[in-house]
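Undergrad: There's a structure below that I have some questions on.
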Amino acid sequence: MATETLLKTNKYSKYISYRKILYHRFFVGLLLFIVVSLVFTVLFNVYAGNSPRTEIYKAVNLDLVSLEVRKIKINSPYSEPRNTNCTYWSCFNVYKCGRGGHDKITIYIYPLKEYRTDDDRLISQLSREFYEILDTIRHSKYYTANPEEACLLVPSIDTLNQNTFSSEHVSQALYSLEHWNNGENHLIFNMLPGTAPNYETVVKLNTSKAIIAGSGFDTWTFRYGFDISLPLYSHIATGIDNTQPKQKNYLIISTQQNIPDDYLAELQNIASSSNDLLLLGKCKAESNRMDHTKRCEYTTGRVFNYPDILKEGLFCLVVRSARLTQSVLMDILASQCIPIIVADTIVLPFNSHVDWHRISLYIPEENIKNLLRIVHSVSKERRGELYWQLRWVYERYFASIKQITLTTLEIINEKVFPLAARMYEEWNMPEHLYGPVNPLFLPVTAPKSPGFTAVILTYDRVESLFILIRKLVKTPSLAKILVVWNNQKKAPPPSSEWPVINKPLKVIRTKENKLSNRFFPYDEIETECQLTIDDDIVMLTPDELEFGFDVWREFPDRIVGFPSRLHVWDNVTASWKYHSEWTNQISMVLTGAAFHHKIWSWYYTYKMPAEIRSWVDEYFNCEDIAMNFLVANITRKPPIKVTPRKKFKCPECTNTEMLSADARHMSQRSGCIDRFARIYGNMALKPVEFRADPLQYRENSGIPQLYPDIGAL
């Protein structure tokens with residue numbers, strides 16, 4: 001019995017020992033696996049980060065040598081007919097967009113191929129203009145080589161000229177495209193639609209749901225908000241330079257060769273009775289070959305060189321004919337001759353964004369007989385505006401295939417991402433002619449009820465910050481306090497240590513210590529008015545702040561504040577200088593204590609020249625000067641100084657002026673003014689002898705004072 005017990009004990013002990021060994025091996029193996037996995041992961045990340053990534057999708061090859069041939073069989077299916085009621089809601093899948101960012105579409109180009117019929121005939125010949133369109137897209141910021149992430153897809157089948165391709169076979173080729181899907185999110189280019197004798201105003205092709213960027217649309221065939229109206233490209237226009245004669249010798253010139261007979265008869269009557277219209281047409285030649293470089297006058301037969309004669313006219317006629325869109329329109333624009341458009345149903349190029357009323361005259365077709373009377377009624381000022389804007393519009397949007405393509409893509413991009421769209425003024429009002437446009441359309445006096453948001457830039461001066469907060473909350477119109485904590489090495493105080501106040505307070509921690517952080521357009525700023533103030537400005541009373549806000553309400557597009565400065569010209573150094581002494585004139589209000597509209601923070605961050613913002617961040621100075629330049633350059637108005645602050649004892653009111661006595665510091669501020677003036681191309685700052693004072697604050701007439709605490713320390 002004892003022997004059996006001993007044997008059982010030995011067996012049990014061996015079992016326990018063996019199990020321990022298994023556990024030990026398991027955990028050792030698991031540990032080794034984890035260690036090896038970590039090492040492998042680290043090595044993979046290191047080498048993967050250093051080695052170039054290979055893309056799965058290669059960029060489209062636009063080399064025209066040895067193209068792949070694809071045969072379109074006679075019984076191949078056709079794409080569906082063009083959907084005449086398409087909108088971005090019914091024919092466009094916006095959910096395919098956004099992979100290139102929240103403000104940029106992505107465009108894929110199908111690989112170049114030779115599409116041939118069964119009997120080996122080309123169904124479409126690649127033109128130089130279409131190749132330039134594809135090449136422009138390929139090198140644009142919108143291009144993607146991955147069709148799966150594309151917002152738009154462009155077939156590499158040339159459909160620019162209706163006369164050079166077979167609509168039947170191209171419709172079959174479109175259907176054969178890998179991602180066609182009834183044309184959804186596809187873009188088709190066309191410049192010459194229709195054929196004789198009907199000359200349709202839209203390309204005769206089964207495009208289904210595809211967007212058509214084309215010329216020649218009329219108001220019946222154009223799908224507003226969906227299609228893009230293009231100019232009819234003119235190779236003649238590209239050869240016209242921008243030189244102009246000293247004076248225009250003719251009031252109106254007509255060089256169009258295909259004017260309908262009824263309109264031509266009206267124009268001949270006008271030309272025969274007045275020298276204000278030079279009516280030119282085809283020249284009679286011995287051979288049947290027409291010379292496109294010559295035009296002859298109907299009445300005398302005089303010969304003129306084309307397109308040189310266009311520069312001699314102040315106005316040039318474009319009349320509706322069998323083909324609605326005329327290439328002469330681009331020739332006219334390139335020659336800086338103001339177009340007179342006589343075509344009731346025409347959809348002008350890029351009409352959704354380019355305001356043609358700024359560069360042309362419209363005359364209804366039935367009023368063509370009153371042509372001279374209408375033109376004579378245009379004032380000299382109006383003629384000047386039309387003339388000076390012509391060349392800018394042409395060079396920016398129409399001067400080349402590249403410009404036409406990029407403008408098309410930009411318009412589509414703005415339709416897909418409307419929040420990223422440029423304003424009307426940016427599309428139509430060149431800054432060199434009109435100056436920057438004030439974006440604020442405000443009432444004469446802004447309402448008081450919303451109040452203002454105080455934005456405090458601070459680093460680590462907690463004591464003065466808390467004193468400032470306690471004073472700010474006593475201002476009746478204060479709506480919210482926003483503390484911009486600019487210290488990345490030190491956390492702001494815990495919430496338990498902050499003053500207990502009756503107004504909302506939010507602390508925002510910045511990622512970098514930059515002075516420009518005070519002007520970032522934070523979402524938390526819900527009021528139109530923003531008080532930008534430093535954490536050491538503790539001497540202002542609530543009445544002074546309230547008075548400053550009331551003054552801003554009367555000047556809501558300007559900077560309104562307390563400490564002021566002036567720029568002066570130094571004849572010795574031939575440069576601008578920063579002047580900080582007390583004078584009657586001011587041209588800057590320092591933003592260490594100033595009210596301004598919150599839109600200027602957005603302009604400072606996103607619209608101000610990047611070179612200025614980089615300079616401010618690099619040298620940690622002059623952000624207040626930069627803001628004054630920005631606002632004055634756009635509004636062309638000076639700032640407003642409030643209250644005669646002789647007792648204003650802050651150290652020059654900005655963190656950057658604590659050492660204002662330092663000559664090097666003042667020299668740097670002068671350098672900022674001189675540099676910013678060069679960047680803007682002019683001295684944007686406007687000097688003024690004006691300040692806003694509360695007239696009752698020292699009166700003893702017995703009338704209750706509106707701002708009794710102004711001037712008290």
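The values are calculated or read from the model by the stated rules, or taken from the named source; none is laboratory data. Values in this document were obtained by computation on a predicted structure and should not be read as measured data. As a convention, Cβ positions derive from the backbone with ideal geometry for all residues, glycine included, and neighbour counts pool all protein chains shown. Ligands, DNA and RNA are excluded from the accessible area calculation, which covers all protein heavy atoms including side chains. Shrake-Rupley method; radii C 1.70, N 1.55, O 1.52, S 1.80 Å.
Undergrad: Given 0.36 nm per residue, what is the gain on full extension from residue 132 to residue 195 after removing their alpha carbon distance, in nm?
TA: 20.3 nm is the gain from fully extending residue 132 to residue 195.
Undergrad: Going by average Cβ density within 10 Å per residue, which order do the peptides 502-508, 310-316 take, highest to lowest?
TA: Averaged packing, sorted descending, gives the order 310-316, 502-508.
Undergrad: For the residue pair residue 58 and residue 495, what label-to-label distance in nm results when each label sits 7 Å from Cα along the Cα-to-beta-carbon direction?
TA: 5.9
Undergrad: Follow-up question, since we're still on this one. Evaluate E = 1/(1 + (r/R0)^6) for residue 502 and residue 667, where r is the Cβ-Cβ distance and R0 equals 41 Å; express this FRET efficiency to the nearest 0.05.
TA: Plugging the Cβ-Cβ distance into 1/(1 + (r/R0)^6) gives 0.35.
Undergrad: Can I ask one more? Using r as the Cβ-Cβ distance of residue 257 and residue 575, and R0 as 60 Å, what FRET efficiency do you calculate, to the nearest 0.05?
TA: 0.55
Undergrad: Using only C-alpha atoms and all pairs of different ones, pull out the Kirkwood radius for region 513-570 in Å with one decimal.
TA: 13.8
Undergrad: In region 462-527, what is the volume of the convex hull around the alpha carbon atoms, normalised per residue and reported in Å³?
TA: So the per-residue hull volume is 99 Å³.
Undergrad: Taking 0.36 nm per intervening residue step and subtracting the Cα-Cα distance, what contour gain separates residue 374 from residue 617 on full extension?
TA: Once the chain is fully extended between residue 374 and residue 617, it gains 81.9 nm.
Undergrad: Arrange the residues 664, 675 by how much accessible surface each exposes, largest first, with a 1.4 angstrom probe.
TA: Of 664, 675, the descending order of accessible area is 664, 675.
Undergrad: Can you list residues from other chains, or at least 5 along the same chain, whose modelled amide H is less than 5 Å from the amide H of residue 351?
TA: When sequence neighbours closer than 5 places are left aside, the close amide H contacts are 229.
Undergrad: To continue, here is another question. What are the trypsin sites (Lys or Arg not before Pro) within region 95-136 that DSSP puts in a loop, where the Cβ has at most 12 other Cβ atoms within 10 Å?
TA: Here the sparse-neighbourhood loop sites are 121.
Undergrad: If you filter region 546-623 for GluC sites (Glu not before Pro), then keep DSSP loop positions with at most 14 other Cβ within 10 Å, what is left? Display every interim value, and only then the final one.
TA: Details: sites: 546, 554, 581, 611, 618, 623; in loops: 581.
Sparse-neighbourhood loop GluC sites (Glu not before Pro): 581.
Undergrad: Karplus couplings for region 180-191 from phi (6.51 cos²θ - 1.76 cosθ + 1.60, θ = phi - 60°), rounded to Hz, Gly and Pro as x?
TA: Ordered by residue, 3J(HN,Hα) equals 4, 6, 6, x, 4, 6, 9, 10, 10, 9, 8, 10 Hz.
Undergrad: Something else: Could you put 25, 358 in order of accessible surface area, largest first, with the 1.4 Å probe and the full protein assembly present?
TA: Sorted by accessible area, descending: 25, 358.
Undergrad: If you stretched the chain out fully between residue 438 and residue 220, how much longer would it get, using 0.36 nm times the residue separation minus the C-alpha to C-alpha distance?
TA: 74.7 nm
Undergrad: A further question on this structure: Can you compute the FRET efficiency between residue 246 and residue 308 using 1/(1 + (r/R0)^6), with r the Cβ-Cβ distance and R0 = 25 Å? Round to the nearest 0.05. Could you put the intermediate results ahead of the total?
TA: Values: r = 15 Å, r/R0 = 0.60.
Efficiency, from the Cβ-Cβ distance: 0.95.
Undergrad: Where in the chain are the helices, taken as whole DSSP H runs, whose Cα atoms extend 24 angstrom or more along the long axis and whose Kyte-Doolittle mean reaches at least 0.0? Can you show the working numbers first?
TA: On the way: long enough: 2-50 (72 Å, 0.66); 663-680 (26 Å, -0.65).
Going by DSSP H runs, the hits are 2-50.
Undergrad: With charges only on Cβ, +1 for K and R and -1 for D and E, what is the dipole size of region 476-520 about its Cα centre, in debye, rounded to 20?
TA: 160
Undergrad: Let me check something: with ligands and nucleic acids excluded, how do 402, 448, 514, 474 order by accessible area (1.4 Å probe), largest to smallest?
TA: If we order 402, 448, 514, 474 from most to least accessible, we get 474, 402, 448, 514.
Undergrad: Continuing with this model, one more query. Could you give the Stokes-Einstein D for the chain in µm² per second, using the C-alpha Kirkwood radius, 10 °C, 1.306 mPa s?
TA: 50
Undergrad: Could you tell me which of 305, 260, 451 has its Cα farthest along the dipole of the chain towards the positive end, charges placed at Cβ (Lys, Arg +1; Asp, Glu -1), taken about the Cα centre?
TA: Towards the positive end, the residue furthest out is 451.
Undergrad: Let me ask something else. Along the Cα→Cβ direction, 7 angstrom out, place labels at residue 282 and residue 80. What is the inter-label distance in nm?
TA: 4.4
Undergrad: Arranged from highest to lowest average of other beta-carbon atoms within 10 Å per residue, in what order do the peptides 593-603, 515-525 appear?
TA: Values: 593-603: 23.3, 515-525: 18.9.
Answer by packing, highest mean first, reads 593-603, 515-525.
Undergrad: Additional query: Calculate the all-directions average of the projected area of region 307-429's alpha-carbon convex hull, and give it in nm². Don't skip to the answer; put the middle values down first.
TA: On the way: hull surface 33.6 nm².
Dividing the Cα hull surface by four gives the mean projection, 8.4 nm².
Undergrad: Under a point spin-label approximation (7 Å from Cα along Cα-to-Cβ), what is the residue 148-residue 520 distance to one decimal in nm?
TA: Going by the 7 Å Cα→Cβ label model, 3.5 nm.
Undergrad: Given a 1.4 angstrom probe, I'd like the percentage of the accessible area of the chain that is carbon and sulfur, rounded to a whole number.
TA: 54
Undergrad: Counting DSSP beta bridges with both partners in the chain, what percentage is antiparallel, nearest 5?
TA: 30
Undergrad: Then there's this: Which value in deg cm²/dmol, rounded to the nearest 500, describes the helix-derived mean residue ellipticity at 222 nm for the chain, given -39,500 (n - 2.57) per DSSP H run of n ≥ 4 and division by the residue count?
TA: Details: 16 runs with 207 residues, N = 713.
Value at 222 nm, helices only, nearest 500: -9000 deg cm²/dmol.
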